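The structure under discussion appears below in the form of structure tokens.
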């Protein structure tokens with residue numbers, strides 16, 4: 001596992017009255033190249049047409065960069081490919097490309113978007129820019145350090161609130177910078193997910209809950225990896241019970257146990273009690289429990305199965321905050337490196353024919369979660385079957 005991790009996340013709110021957002025954020029992590037590439041594109045206008053233009057632009061930019069085309073040439077090629085609005089004489093889409101290596105070496109190409117912001121801890125960084133193509137494309141290169149954050153956003157953010165008495169020119173750079181600095185100061189370890197949410201929510205507030213344009217923000221956060229161990233299912237060989245309990249106790253990070261049998265094994269080996277918490281449950285998921293020394297204890301296959309659905313469809317924030325599967329997803333998304341330790345002993349309870357047909361074998365559910373975390377949320381995972 002590398003020494004520095006890039007936590008990346010984004011979110012959007014469409015223009016009031018629109019279903020589809022005209023901004024698109026795409027990212028790809030290439031572990032074999034120790035590299036992450038991300039693109040934010042803003043299609044002209046809003047709605048489906050803008051979304052198609054932004055999607056086309058972001059896809060082109062991402063593919064050019066991933067395939068190691070010179071980033072400057074790629075930016076100019078994309079700019080020259082984009083059609084120009086005949087009335088306003090501007091391109092039908094703008095874009096920002098971030099190409100960063102896991103050691104922090106970073107290049108950013110920007111065309112038409114509001115200037116991105118970079119923060120070192122809670123202070124803004126002023127970075128030197130060089131310009132290409134009649135000063136329409138600008139490039140920044142710098143060495144990112146731990147606790148640096150890159151904030152990308154569409155003009156729906158920077159122009160939010162425009163025309164208001166207190167925001168006559170919108171949410172300008174100085175005001176945005178102060179807001180982000182204060183947010184980081186109040187929570188120095190705030191995740192990319194929580195920071196972009198704060199920015200998007202404030203932009204919506206600026207527009208008095210009716211966004212006048214598509215609002216999109218993406219954050220890249222360079223930090224030490226946050227490690228999580230998820231243990232589910234008893235080991236195939238009962239003699240390994242003590243090894244599992246020892247692994248959990250000695251793990252340098254947070255720990256989760258999923259499954260009643262697994263929880264009983266850990267409690268027995270540690271000489272602790274399993275205490276059921278009836279305040280955290282939902283109508284279809286059993287309640288969580290507590291074991292001293294474990295950060296979260298849940299039921300097994302049902303909780304894991306629902307967590308996989310919440311991750312797959314991105315609906316975890318709509319789940320009740322007391323739902324154990326929501327608590328599990330929150331932990332998974334808060335961490336960067338997730339190790340799954342999966343017991344392979346068959347649980348006789350899951351042979352009951354009255355259980356739902358879609359109930360999958362534990363290991364397949366965990367494989368699905370790991371795949372989604374890597375593909376959709378850019379996490380690093382490791383599976384160990386015992």
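The values are calculated or read from the model by the stated rules, or taken from the named source; none is laboratory data. Since this is a predicted model, take the numbers as computed values, not measurements. Note that we place each Cβ from the backbone using ideal geometry, even for glycine, and neighbour counts take in every protein chain shown.
Brief remarks follow.
- The residues listed here are 181, 217; of these, the one that is assigned by TED's automatic domain parsing to the domain that holds residue 100, surrounded by fewer than 18 Cβ atoms within 10 Å (Cβ to Cβ) and touching a residue at least 40 places away in the same chain (Cβ under 8 Å) is 181.
- Within region 282-322, the set of residues being under 17 Å from residue 233 (Cα atoms) and either part of a helix (DSSP H, G or I) or not assigned by TED's automatic domain parsing to the domain that holds residue 377 (or both) comprises 301, 302, 303, 304, 305, 306, 307, 308.
- Evaluation of residue 260 against (1) in contact (Cβ under 8 Å) with a residue 24 or more places away in the chain; (2) in contact with a strand residue (DSSP E or B) (Cβ under 7 Å, 6 or more places away or on another chain) (one fails), failing number: (2)
- A Cβ distance below 6 Å, combined with a sequence gap of six or more or placement on separate chains, defines the contacts here; from region 10-25, residues that are outside the structural domain of residue 94 (by TED's automatic domain parsing) reach no residue that is modelled with pLDDT of 95 or more.
- Complete set of residues in region 136-166 that are part of a loop (DSSP other than H, G, I, E, B) and either under 17 Å from residue 10 (Cβ atoms) or in contact with a helix residue (DSSP H, G or I) (Cβ under 6 Å, 6 or more places away or on another chain) (or both): 154, 160, 161
- Among the candidates 57, 37, residue that is touching a helix residue (DSSP H, G or I) at 6+ places or on another chain (Cβ under 9 Å), outside any strand (DSSP E or B), under 20 Å from residue 115 (Cα atoms) and modelled with pLDDT of 90 or more: 57
- One residue stands out among those in region 318-339 that are within 17 Å of the chain's Cα centre (by Cα) and without any contact (Cβ under 8 Å) to a residue 60 or more places away in the chain: the one that is nearest to residue 373 (Cα to Cα), which is 329.
- Filter result for residue 381 (more than 30 Å from residue 38 (Cα to Cα) and either assigned by TED's automatic domain parsing to the domain that holds residue 247 or at pLDDT 90 or above (or both)): no
- Positions within region 116-135 being under 19 Å from residue 219 (Cβ atoms) and either touching a strand residue (DSSP E or B) at 6+ places or on another chain (Cβ under 6 Å) or part of a strand (DSSP E or B) (or both), in sequence order: 116, 117, 118, 119, 120, 123, 124, 125, 127
- Looking across 194, 201, one residue alone is more than 22 Å from residue 100 (Cβ to Cβ), out of contact with any helix residue (DSSP H, G or I) (no Cβ under 7 Å at 6 or more places or on another chain), without any contact (Cβ under 8 Å) to a residue 24 or more places away in the chain and not in a loop (DSSP other than H, G, I, E, B). It is 201.
- For region 290-304, the set of residues classified as under 27 Å from residue 197 (Cα atoms) and buried (at least 21 other Cβ atoms within 10 Å of the Cβ) consists of 296, 303, 304, listed by residue number.
- If you check 52, 78, 97 for being at pLDDT below 90 and either surrounded by 14 or more Cβ atoms within 10 Å (Cβ to Cβ) or within 28 Å of residue 15 (Cβ to Cβ) (or both), only one passes: 78.
- Note on region 184-198: among residues that are surrounded by 15 or more Cβ atoms within 10 Å (Cβ to Cβ) and farther than 18 Å from residue 216 by Cα, the one that is nearest to the chain's Cα centre (by Cα) is 190.
- Filter result for residue 119 (assigned by TED's automatic domain parsing to the domain that holds residue 32 and farther than 21 Å from residue 8 by Cβ): no
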